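A.B. asks: I'd like to ask you about the structure that follows.
The values are calculated or read from the model by the stated rules, or taken from the named source; none is laboratory data. What you see is a predicted model; the values in this text were computed from it and never measured. When we count neighbours, we look across all protein chains shown, and the Cβ atoms used for this are built from the backbone with ideal geometry, even at glycine.
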Ligand code: A3P
């Protein structure tokens, strides 16, 4: 994977996307001023980031729910580490909504003082791996292995944007008491979106009417988002990658257990062995299948 260092940038042990990277911003990120009503989504890539961005945007913006404004979700809930060149976060009105892939140790200091709220969305790492594999082979964001076997090696060595999945989730979980954080599981959202939105709204102290809840759940469905260019990253990827790709692409399947269609029995056993070793005594449960 000798091309990796060319494509990605490693900063304090964590892989960032090279092209979108603002080193100066990252150097000063520790001092980034946090407001009490800021909300951060934190994810490892391919864990349902865009989904949670859409849900938050729908909860906070009536204009979004009622479709009276033509704003992309990725602008309403921008990436902290990748959008500082386009958005002046200091001038963004409160409450500000952010999304980030950062590990716990790189986020602004203010978050560790339990200012602001954090939503950590996680997904079973086999589905994350398969989603990531397809994503990278659809969008040449960085050099990726072109077989599941080779990609599994790359992923399990953490040689991808977001670094090692195990480190990301373990780090955030282990340090959870420093933060005001709510863990959300992709598979639970998938099984019962309404309950997940309710859980989120309680955490955010947002009292949603039945009508609002209906709007959020309907517009955050896979089918709706897949058809909605404001919600499915289509335009963002077009700007970024520079070529038109198949519509609805970023939302590929949105299912639980797709890894079974991609991994061999032997690959799965090998993955399980590594998982058990790495996640020994880790208390959060995972859902691997429907
Ligand atoms: P698949 O590739 O398995 O389909 P991220 O935003 O973190 O990159 O995650 C992308 C993954 O989340 C993709 O997984 C995508 O389809 C899935 N996803 C996005 N919106 C979803 C939704 N509303 N319901 C279910 N899955 C969704």
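A.B. asks: Please determine whether any residue of segment 113-132 is more than 21 Å from residue 52 (Cβ to Cβ) and part of a helix (DSSP H, G or I).
C.D. replies: No, segment 113-132 contains no residue that is more than 21 Å from residue 52 (Cβ to Cβ) and part of a helix (DSSP H, G or I).
A.B. asks: A follow-up question, please. Could you please find all residues in segment 62-81 being farther than 30 Å from residue 23 by Cα and either within 14 Å of the ligand (Cβ to nearest atom) or in contact with a strand residue (DSSP E or B) (Cβ under 9 Å, 6 or more places away or on another chain) (or both)?
C.D. replies: Within segment 62-81, no residue meets the criteria.
One line per residue, one yes/no per condition, for (1) under 30 Å from residue 137 (Cβ atoms); (2) out of contact with any helix residue (DSSP H, G or I) (no Cβ under 8 Å at 6 or more places or on another chain); (3) modelled with pLDDT of 95 or more:
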| position | (1), (2), (3) |
| --- | --- |
| 20 | yes, no, no |
| 24 | no, yes, no |
| 64 | no, no, yes |
| 74 | yes, no, no |
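A.B. asks: Which numbered condition trips up residue 110, out of (1) at pLDDT 95 or above; (2) touching a strand residue (DSSP E or B) at 6+ places or on another chain (Cβ under 9 Å)?
C.D. replies: Residue 110 satisfies all of (1) at pLDDT 95 or above; (2) touching a strand residue (DSSP E or B) at 6+ places or on another chain (Cβ under 9 Å) except (2).
A.B. asks: Oh, and also: Kindly provide the set of residues from segment 35-90 that are on the phi > 0 side of the Ramachandran plot and either surrounded by 19 or more Cβ atoms within 10 Å (Cβ to Cβ) or under 14 Å from the mean Cα position of the chain (by Cα) (or both), ordered by number. Outline the logic, then answer.
C.D. replies: So in segment 35-90, the residues on the phi > 0 side of the Ramachandran plot come out as 46, 48, 67.
If the condition is that a residue be on the phi > 0 side of the Ramachandran plot and either surrounded by 19 or more Cβ atoms within 10 Å (Cβ to Cβ) or under 14 Å from the mean Cα position of the chain (by Cα) (or both), then 46, 48 are the ones that fit.
A.B. asks: Oh, and also: Go through segment 20-60 and report how many residues are in a loop (DSSP other than H, G, I, E, B) and either in contact (Cβ under 8 Å) with a residue 24 or more places away in the chain or closer than 30 Å to residue 208 by Cβ (or both). Spell out how you get there, then give the answer.
C.D. replies: Taking segment 20-60 and keeping what is in a loop (DSSP other than H, G, I, E, B), we get 20-22, 28, 32-38, 44-48.
Adding the requirement that they be either in contact (Cβ under 8 Å) with a residue 24 or more places away in the chain or closer than 30 Å to residue 208 by Cβ (or both) leaves 20-22, 32-38, 44-48.
Matching residues across segment 20-60 total 15.
A.B. asks: Filter segment 130-139 for residues that are within 10 Å of the ligand (Cβ to nearest atom) and under 17 Å from the mean Cα position of the chain (by Cα); which is nearest to residue 237 (Cα to Cα)?
C.D. replies: Top of the filtered list is 135.
A.B. asks: For residues that are under 20 Å from residue 259 (Cβ atoms) and within 18 Å of the chain's Cα centre (by Cα), tally how many sit in segment 140-155.
C.D. replies: The number of residues fulfilling the criteria is 1.
A.B. asks: A follow-up question, please. Under the condition of being at pLDDT below 95 and over 25 Å from residue 278 (Cα atoms), which residue from segment 113-134 is surrounded by the fewest Cβ atoms within 10 Å (Cβ to Cβ)?
C.D. replies: 113
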